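What follows is a short report on a single structure.
The values are calculated or read from the model by the stated rules, or taken from the named source; none is laboratory data. The shown structure was predicted, so the numbers you read here are calculated from the model rather than taken from an experiment. Cβ coordinates were reconstructed from backbone atoms using ideal geometry, including for glycine residues, and neighbour counts include every protein chain displayed.
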Amino acid sequence: MRTLLLSGAAILTATAAFADYPERPIRLVVGFSAGGGTDTSARSFGSFASEASSMNGMPMVIVNQPGGSGLQAAQAVAEADADGYTLYIINNGTLAATSLDTPEAEFDPREALVNLGCVSQLVTSLQVPVDHPATTAAEWVDMVKESGETVRWSTSGAATMHAIVGHLFLNTNGIDHQVVPFRGGGETRNALVAGDVDASFNGTQQAAGFEEDIKMLGIPASERDPANPDVPTFGEQGLDALGVTGPMCVYGPPGLPEEVVTDVSAAVEEVAGMEAFDRFLGRAGMGALYLDGAGGGENLARLYDTFGPVVQGIKDAQD
């Protein structure tokens, strides 16, 4: 009986400790270097999170831990103390692509992390030099196929969402291609601007401010991106729509107390609905998007199904 009483006291003490969560700043881990779409979303979310009613005015400190296209940081957060003071943010597309591309890591984010909701999204776009004669992705496909040439294209890493979308789009449309992966969206964009590649599959936000150098011909989303409403979807152009975007989701380690899940999830929803947050993202060429934890999890599962065959095809071609 004494042991049971002590266990019950310990549980009550732990419950009380989380009742006032958070009581200190929260580390929001980003698995990429500063300046990319994930980092931009993280810093935007972190800037407004302290204003959410469930966060007790506590700030979020952004911690960049690049490596393995975000996989190393994901693993570190999955193994962190489940106290709500170490969280992770990444777009679901890259999380799925990286995990599928690295089976030896034996890391499945669908089981190893807890989705607490999504606050924005990354959208891939087909980008070409501004002086290219094609005005749509459909025209570009026709021109490339007629030329018979192999397309050299840049993207941000070998196993990011943008890379997998590029392979998927080019393979679906029967285009011979050679990928030139870089470390990050900025380098990907610079290669296109410099004329080192013919095209890029990169985040729409990377074209912001470079309108005199780059034009976006289409996106693989089911609907137009609210942050870039003038860019048509592939489906609108008579091409396979693909239906892929990367919701930017906040994750925590398994075993988070219910109070922490409730408070962080509430903060995600509140921040995603702030007009000031949407305007802040808009200056970087992005927009707010809200999905709850269940919706974010369902999205990740669909991306696994879509990306799995593509990733396997890339591996088979390399063997």
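Values computed for the structure shown
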read-out	value
Enumeration of residues in the stretch 32-49 that are outside any loop (DSSP other than H, G, I, E, B) and over 14 Å from residue 205 (Cβ atoms)	45, 46, 47, 48, 49
Pairs with Cβ under 7 Å, 6+ apart, first in the stretch 209-229 and surrounded by 13 or more Cβ atoms within 10 Å (Cβ to Cβ), second in a loop (DSSP other than H, G, I, E, B) and of a type in the set (Ser, Thr, Tyr)	217/136; 218/136; 221/245
Complete set of residues in the stretch 137-155 that are of a type outside the set (A, V, I, L, M) and touching a strand residue (DSSP E or B) at 6+ places or on another chain (Cβ under 6 Å)	140, 150, 152, 153, 154, 155
Every residue from the stretch 95-118 that is among the aromatic types (Phe, Trp, Tyr) and closer than 26 Å to residue 269 by Cα	none
Among (1) within 23 Å of residue 134 (Cα to Cα); (2) in contact with a Ser or Thr (Cβ under 9 Å, 6 or more places away or on another chain), the one test that residue 252 misses	(1)
Some residue of the stretch 50-64 being under 24 Å from residue 306 (Cα atoms), over 14 Å from the mean Cα position of the chain (by Cα), in a loop (DSSP other than H, G, I, E, B) and modelled with pLDDT under 95	no
Pairs with Cβ under 6 Å, 6+ apart, first in the stretch 152-181 and farther than 21 Å from residue 36 by Cβ, second basic (Lys, Arg)	178/152
All positions within the stretch 26-55 that are touching a strand residue (DSSP E or B) at 6+ places or on another chain (Cβ under 8 Å), of a type outside the set (Gly, Ala, Ser) and within 17 Å of residue 162 (Cα to Cα)	32, 38, 39
Members of the stretch 271-283 found to be surrounded by fewer than 20 Cβ atoms within 10 Å (Cβ to Cβ) and farther than 18 Å from residue 224 by Cβ, listed by number	273, 274, 275, 276, 279, 280, 283
Filter result for residue 109 (closer than 29 Å to residue 226 by Cα, touching a strand residue (DSSP E or B) at 6+ places or on another chain (Cβ under 9 Å) and surrounded by fewer than 24 Cβ atoms within 10 Å (Cβ to Cβ))	no
